[in-house]
Every structure is written in structure tokens, then in C-alpha cells.
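Structure first, then comments.
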Protein chains: 2
Amino acid sequence: MEACNQDEHHSPQSVVAEPSVQQLERTAALFKALGDPARLALLYRLRQGERCVGDLVGDDKLSTVSARLQTLLNANLVTRRRDARHLYYQLADQHVVELFENAIAHANEKTLIQGD
Amino acid sequence: MEACNQDEHHSPQSVVAEPSVQQLERTAALFKALGDPARLALLYRLRQGERCVGDLVGDDKLSTVSARLQTLLNANLVTRRRDARHLYYQLADQHVVELFENAIAHANEKTLIQGD
DNA sequence: ACGACATTACATCGAATATTGGAATGTTGA
DNA sequence: TCAACATTCCAATATTCGATGTAATGTCGT
């Protein structure tokens, strides 16, 4: 069995320094939260500014949207503040937008061949 | 009910131009594939160069690792080439590394408070 | 073509996750 | 404090996902 070591370049560029198990888990959790079209759509709408839950309810149930926002909140992708009876959600930071756009770019790039 | 439009800044910066449903789905699929510690660990190991499946089997079953690689392949995160009986997997592009590192950075940044 | 080996494909099962209705919580204005 | 409203919490159900054993595929050397 074992017999195909390649070991090409020991690139010391782009150093992340051995991600720990915890780091991997956190990062995976972050990606997992991003891994749903409905949640991505929410994030996208939040790019235009903060919104309260009621504003974000489309055809979905309120509790559904609330749960999605909760997921994004747990992943630190959004923050929220209360104003009167409303809870306003907002993107956590510009970082998120970048991740988002990078991913869309990558996703498009890699699927050009297969036509849209 | 409906009554809390905010509409802050119509930021024309960072333009992704209305992601279509398909784009959202693809992007979500990409993130979903990244949303697992074991798969991230595989990607991390592939940063050092291409590896065949046998080399990547740790304590896990071969079929398990193969399935993970398949998931990454479907998401266009890795490519593979055949050499004799071995299939060598490789990161699809530098894009992937960037996404990965951005995410780790974000994940760390956002959890500093809670101690490691 | 045959036997050995590397890897994938399929089917299954248990675990994790999403959706949703309804009850509970918190906030406001009177 | 009470009524109305915005949102979350909880529990049940439905769906999706990951790990894995086994069968199948593909490749090599002879």
C-alpha cells in the first residue's frame, strides 16, 4: 500500500502555521453557515444595510428566517442591535463581504465550461 | 407588520450584480463542501503538493477519504490526475488557498474573546 | 488474459440539520 | 398593568449528510 510520496514544494509562502483541530472546526463551522442558498441570500440582502427580521421575511415563515439569522449570528457572520421592538441585523464586517464575493467569483469561474 | 425599511447606503462599490438563484446555489455548494473539518484538513495537506489517496489515509477508512475527495472534486476545489494505478489529487488553484486562509483568519479574529 | 492492487460506486444506517407551528419572551404605548 | 406587536424558543417531523462495508472498475506487470 503506502508508497507514493510526492512532497513537491515546501512552500513557506502563505503561512497559516498548522491549523489546530479547533481552528479547523471553527473554520468549518463558518463555511457550514455559509453553505446554504437561503442564508447566502440573507447575507446578500444585508449588504444594503441593516434590516429587521420582518423585512427579511419573503415567502418563508418568520420562524424560519429567524432560525437562519440565528445560524448566521452563531457563526459571527452578522451582528444585531435592538431598536424598540425591532431587532436589526447587520453584516459582521467587510471580511464577510469579501469571502462572499471571492466565493461567487470562484463558483462562476469554475463552472463556465458547463454553461449557465 | 411590515414597517422598518432602513436602506442606508446603496454602495455601488463591491459589485456582484444581483447573484442569480443558480449563483447562490453554486456558491452555497462551494461553501458546503468546505464546511467540514475533515475535508478542510485534506485541503490543508494538499497545500504541500499533490497526494494520492493512499497517502491521505490516516486513521480513517479508505472509502471515507475517497468520498471526501470526491466531494471536494465535485465542488471544483481539487483536481486529479492519474499516474499508473494512483490518482493524485491537487488543489484546484490558488483561489482556494486564499478562501481557506481568509476564513481561518476570520474564524480566529471573531473568537479571540472566548479564549482558545 | 490473469491476478494483484488502487480507487471509486453503491447502499445503508445513524447523526446532524432545516422547517415549521405554537407557546413564551420582551417591548412599546396607553 | 394591559393589549398589540416583533421576535425567539421549543418540540416534532422531514430532509440531508457522513462514515463505512462491500461490490465494481480500472490499471499494471507478466
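Just a few scattered comments:
- Per-residue shielding of A:60-73, expressed as the average number of other chain Cβ atoms within 10 Å of the residue Cβ, stands at 0.
- The range B:18-116: C-alpha gyration tensor shape, a/c 1.5 cut-off, then a/b vs b/c: oblate
- Per-residue extension of 0.36 nm, minus the Cα-Cα distance of residue B:57 and residue B:105, leaves a gain of 14.5 nm for this segment.
- When the charge dipole of the range A:21-109 is built from unit charges on Cβ atoms (+1 for Lys and Arg, -1 for Asp and Glu) and taken about the Cα centre, the candidate among A:35, A:95, A:52 whose Cα reaches farthest toward its positive end is A:52.
- At 7 Å out from Cα toward Cβ: residue A:48 inter-copy label distances (nm, ascending): 4.8
- Among residues other than residue A:69 with Cβ under 9 Å from its Cβ, the summed charge is +3 (Lys and Arg +1, Asp and Glu -1).
- With contacts taken as Cα pairs under 8 Å and at least 6 residues apart, the range A:31-116 reaches a relative contact order of 28 percent.
- Shielding score for B:42-49, defined as the mean number of other chain Cβ atoms within 10 Å: 3
Rule-based calculations on the coordinates, nothing more; no lab input. All values derive from a computational prediction rather than experimental measurement. Neighbour counts are summed over all protein chains in view; Cβ atoms, including those assigned to glycine, are modelled from backbone coordinates with ideal geometry.
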